[in-house]
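Nothing in this text is a laboratory measurement; each read-out follows from the coordinates by a stated rule. The structure presented is a predicted model; accordingly, all values stated were derived computationally and were not measured. Cβ sites come from the backbone with ideal geometry, for glycine too, and all protein chains shown count toward neighbours.
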Amino acid sequence: MRSLLSIAVVIVALTTPARTQQKASPESYPPPGRLIDIGGRKLHWYCTGKGTPTVILIAGGGAFSIDWALVQPKVAVSTRICSYDRAGLGWSDPGPAEDTVEQTVSDLHALLHASGEHEPYVLVVASIAGIFIQAYQRVFPTDVAALVFTNSSNRIGFQVKTRAA
């Protein structure tokens with residue numbers, strides 16, 4: 001009985017601070033860039049540096065613009081560089097219920113044009129975002145100067161065939 005009381009006291013002690021802390025509001029952490037309307041939704045867009053071509057950083061998976069915090073200042077010394085948060089990530093508004101490659105490409109194209117940046121762009125990605133820039137280049141080939149893959153696959157469904165022994 002005494003051990004149950006001790007356990008109950010420990011549980012209450014550990015959970016009380018968590019329940020009394022205030023939840024951080026979006027105003028607590030303002031975006032480093034600006035929010036750009038792409039037609040009823042806003043995406044976070046952060047640019048630094050000057051020059052051409054403009055380098056666009058696209059984080060992979062569930063990552064967002066902050067993942068490029070060590071890269072962006074270094075590249076900004078020699079050219080214009082921008083990072084953004086895909087729909088539903090970081091400071092960006094959520095996108096449609098089904099987040100497809102086509103929707104991501106459409107969002108990026110709308111963002112680039114609404115931002116006033118000039119093509120052609122060097123698209124730099126990490127991880128799964130390699131899929132997005134390949135699709136972007138196929139749809140808007142004149143907008144792309146180069147594709148750079150960092151820790152990324154440049155093929156989907158790539159199969160390696162082995163010889164039978």
TODO: Please check which bits of the range 51-68 a label hung off T79 would reach, taking the label as a point 7 Å along Cα-to-C-beta and the cut-off as backbone N under 16 Å.
DONE: 51-58
- [ ] Hey, for a label at F149 modelled as a point 7 Å past Cα toward Cβ, could you say which residues of the range 98-134 have their backbone N under 16 Å away?
- [x] 123-134
- [ ] Of the options Y84, L43, Q72, report the single residue whose Cα projects farthest towards the positive end of the charge dipole of the range 27-150 (beta-carbon charges: Lys, Arg +1; Asp, Glu -1).
- [x] Q72
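Would you mind working out the magnitude of the charge dipole of the range 27-150 relative to its Cα centre, with +1 at each Lys and Arg C-beta and -1 at each Asp and Glu C-beta, to the nearest 20 Debye? Don't jump to the answer; show the numbers that get you there.
Numbers: 8 positive and 12 negative charges, 84 e Å.
In total the dipole reaches around 400 debye.
May I ask what percent, to the nearest 5, of DSSP beta bridges between residues of the range 27-150 are antiparallel?
35 percent
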Open item on the list: Just to be sure I understand the model, the point goes 7 Å from the Cα along the line to the Cβ. What's the resulting D37 to T142 distance in nm?
Closed with: 2.8 nm
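Would you work out if the range 27-150 is rounded, prolate or oblate? Take a ≥ b ≥ c from the square roots of the eigenvalues of the alpha-carbon gyration tensor; rounded if a/c is under 1.5, else prolate when a/b is larger than b/c, oblate otherwise.
It is rounded, given that a/c, with a ≥ b ≥ c, falls under 1.5.
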